[in-house]
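First comes the structure, then the notes that go with it.
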Amino acid sequence: MPCRRPALQFQTEGPVSVHLVNHHHGQPDSLVYRLSAALKLGLALVIIVVTVLAPVQWRAWFIGVAVLLVLTAWLSQLPLFFLSRRLLVLSPFVLGVVLVNAFQPAGRAKWMAVAVKSVLCLLTVILVSNTTPFSQILRVLKSIRVPTLLITTIALMHRYLFVLMDEAERMRRARASRTFTRGQRFHWQTLATVVGQLFIRASERAERIYDAMCARGWK
Amino acid sequence: MHIPDGFIDGKTAAVTAVISAVGVGFALRQVRRELPPRRVPLLGLSAAFLFAAQMVNFPVAGGTSGHLVGGTLVAALLGPSAAVVVVTTVLIVQCFLFQDGGVLALGANVFNMAILNSVIGYMIYRMVCHWLTGIRGRVTAIAFAAWCATVLAAISCAGQLAWSGTIPWSVAFPAMATVHMFIGVGEGLISALVFLAVCRARPDLITETTLTGQPQRLGELVRYGLLATLGVAVFVAPFACSWPDGLDSVAEKFGFGHKMAPLLPAPAPDYHVPGIHWAVGATAVAGAAGSLIVFALALLMGRWLVPKPKDL
């Protein structure tokens, strides 16, 4: 799946939001990209666990992790704009905690700790997921004995995710080209019909996939 | 409702991870046992469908928009165990690929959204279906169940945040519960509309897929119910009544409370903000009243959407 086309060209006012879909893989020739997936995942897990559990006083750890992550980001040749936009995903939760702790007497130090921790963890996951092909992550999961059914489901989901999103977009475009804009009253019903139709198409596709899998000798 | 990393502490992450692992393991076993091989790809495709469906924005008044969460909808379409697997898959992919929800918080997110939302939603759905038959009853049931499940998942999320000491319960519970009582109305409406659309287009699909959920399989639901109750008891009960925090009291009893203190971040310090404690009680009352109102609304909506009762 490395040559997946930049799947969706949604219009900005369409019903399908695109902000999560712009998935950017790192440069395949960068050093970070070539490291083994197991190593990267293990390291990331250690960093996340220790960062979450570390008491606030461990300044050195936080600074060390931050330096390491910045270095990795530089080595991975991911665009800075892309990284910073990805970090903004966090904002609703962080804003909520800011609002709550702004009214607390001792809230400031704690809010800082939460913010630093979550940004560091988020950056770690962003770096790993954008420098590691998803199939390699699945292979690591398989080697640590994650149940096969779960891995099959994850793999199928990842494979057909973009197909179905394309399908949703095609349905939206087809509807837009055939109907005049109906009133607000029916808008939800129309959208719900699109979603329902999407489910039907997904399950029909699942049948075809099963037949194709059997035809290729799947057991 | 996706909790990022850093918002829940070690003990909450560990407890939620254990509960979720047990729940998902049980769901996987159940699915492997009763789902025919023909339907195995359907799990992955349903997960992809759920993700794509969550991208469809439903316009709400004032320029804002909401989207489907879908645990209850998938549970009604595929059965509870399959829904747990499907929603867990969506959460894992969202976590690794799109950084929506943290890695250590995955257990908490799976518990709230995959286990609590789907399974409790499914239970309420079946209960209402028991009383109200026909497609009209089903539409009513799914709308009400989706609302209840959304509110419940939000309360559990608030409990986890409070137990971690990130946000005090007296703030988190009213905020999360109130907001999600409104979000839940949208969720219920969208779920019912989508369910109805599927019913109308392919009624065979509904009966067929619901049958994999085996309505008579009570033991399965009982086990999920126990797990959900356990989770809610751990996260919410310490705040809902004035008993001491279970883990803290155990730690004190065995005399290692002082040893735990430096490693784990401090549990929720006692905030005393005047005028905010009444909010907890008020929210609970509002929730009880809200569920009655929403049930009445769901009944009305069922009547409005499905003109003639028509058995499947």
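Go through A:Leu191, A:Leu149 for me and flag whichever is modelled with pLDDT of 85 or more, part of a helix (DSSP H, G or I) and not assigned by TED's automatic domain parsing to the domain that holds A:Pro55. Walk me through how you get there before you give the answer.
Numbers: A:Leu191 fails: modelled with pLDDT of 85 or more.
None of the others qualify; the one that does is A:Leu149.
Could you check region A:124-137 and list, in sequence order, the residues that are crowded, with 19+ Cβ neighbours inside 10 Å and either assigned to a helix (DSSP H, G or I) or free of Cβ contacts under 8 Å to residues at least 60 places away in the same chain (or both)?
Let us first name the residues in region A:124-137 that are crowded, with 19+ Cβ neighbours inside 10 Å, namely A:124-132, A:134, A:137.
If the condition is that a residue be crowded, with 19+ Cβ neighbours inside 10 Å and either assigned to a helix (DSSP H, G or I) or free of Cβ contacts under 8 Å to residues at least 60 places away in the same chain (or both), then A:Thr124, A:Val125, A:Ile126, A:Leu127, A:Val128, A:Ser129, A:Asn130, A:Thr131, A:Phe134, A:Ile137 are the ones that fit.
Out of all the residues in region B:126-150, which are surrounded by 23 or more Cβ atoms within 10 Å (Cβ to Cβ) and away from every other protein chain (no Cβ under 14 Å)?
Filtering region B:126-150 for residues surrounded by 23 or more Cβ atoms within 10 Å (Cβ to Cβ) gives B:138-150.
Correct list: B:Thr140, B:Ala141, B:Phe144, B:Ala145, B:Trp147, B:Cys148, B:Ala149, B:Thr150.
List every residue pair whose Cβ atoms lie under 6 Å apart, where the two residues are 6 or more positions apart in sequence or sit on different chains, the first residue falls within region A:201-219 and is facing chain B (nearest Cβ under 7 Å) and under 17 Å from A:Thr148 (Cβ atoms), and the second residue, located anywhere, is of a type in the set (Lys, Arg) and surrounded by fewer than 16 Cβ atoms within 10 Å (Cβ to Cβ).
A:Tyr210/B:Arg38
Checking B:Val171 against (1) of a type in the set (A, V, I, L, M); (2) away from every other protein chain (no Cβ under 12 Å); (3) touching a residue at least 60 places away in the same chain (Cβ under 8 Å), only one condition comes out false. Which one?
Here B:Val171 clears every test but (2).
Which condition number does B:Gly165 fail, the rest of (1) touching a Pro at 6+ places or on another chain (Cβ under 7 Å); (2) in a helix (DSSP H, G or I) being met?
Failing condition for B:Gly165: (2).
Spot the failing condition for A:Val119; the list is (1) in contact with a helix residue (DSSP H, G or I) (Cβ under 6 Å, 6 or more places away or on another chain); (2) more than 7 Å from chain B (Cβ to nearest Cβ), and only one is missed.
All conditions are met except number (1).
For B:Thr89, only one of the following conditions fails: (1) under 30 Å from A:Arg85 (Cβ atoms); (2) in contact with a Gly (Cβ under 9 Å, 6 or more places away or on another chain); (3) facing chain A (nearest Cβ under 10 Å); (4) at pLDDT below 90. What is its number?
Among (1) under 30 Å from A:Arg85 (Cβ atoms); (2) in contact with a Gly (Cβ under 9 Å, 6 or more places away or on another chain); (3) facing chain A (nearest Cβ under 10 Å); (4) at pLDDT below 90, B:Thr89 violates only (4).
May I ask you to list the residues in region A:107-166 that are among the charged types (D, E, K, R) and either under 26 Å from A:Arg85 (Cβ atoms) or under 14 Å from the mean Cα position of the chain (by Cα) (or both)? Can you show your working first?
Initial filter on region A:107-166 (among the charged types (D, E, K, R)): A:108, A:110, A:117, A:139, A:142, A:145, A:159, A:166.
Residues satisfying the conditions are A:Lys117, A:Arg159, A:Asp166.
Please go through (1) over 28 Å from B:Val222 (Cα atoms); (2) surrounded by 21 or more Cβ atoms within 10 Å (Cβ to Cβ) for B:Phe182 and return the number of the only condition it doesn't satisfy.
(2)
Which number in (1) more than 9 Å from every other protein chain (Cβ to nearest Cβ); (2) free of Cβ contacts under 8 Å to residues at least 24 places away in the same chain; (3) surrounded by 24 or more Cβ atoms within 10 Å (Cβ to Cβ) marks the one condition that B:Ser81 misses?
(2)
Take the conditions at positive phi, more than 20 Å from the chain's Cα centre (by Cα) and crowded, with 24+ Cβ neighbours inside 10 Å and apply them to B:Gly6. Does it pass? Don't jump to the end; show me each part of the working.
Details: at positive phi: yes; more than 20 Å from the chain's Cα centre (by Cα): yes; crowded, with 24+ Cβ neighbours inside 10 Å: yes.
Considered against the rule, which asks whether it is at positive phi, more than 20 Å from the chain's Cα centre (by Cα) and crowded, with 24+ Cβ neighbours inside 10 Å, B:Gly6 comes out as yes.
If we only count helices (runs of 4 or more DSSP H) wholly inside region B:1-107, which ones have 2 or more residues that are out of contact with any Ser or Thr (no Cβ under 8 Å at 6 or more places or on another chain) and among the β-branched types (Val, Ile, Thr)?
On the way: elements: B:10-34, B:40-54, B:71-78, B:80-98.
The qualifying helices (runs of 4 or more DSSP H) are B:10-34, B:80-98.
Within region B:16-34, how many residues are more than 7 Å from every other protein chain (Cβ to nearest Cβ) and buried (at least 20 other Cβ atoms within 10 Å of the Cβ)?
Counting residues in region B:16-34 that are more than 7 Å from every other protein chain (Cβ to nearest Cβ) and buried (at least 20 other Cβ atoms within 10 Å of the Cβ) gives 7.
The values are calculated or read from the model by the stated rules, or taken from the named source; none is laboratory data. Being a predicted model, the structure only gives us computed values, none of them experimental. Using ideal geometry, Cβ is built from the backbone for each residue, glycine included, and neighbour counts are taken over all protein chains shown.
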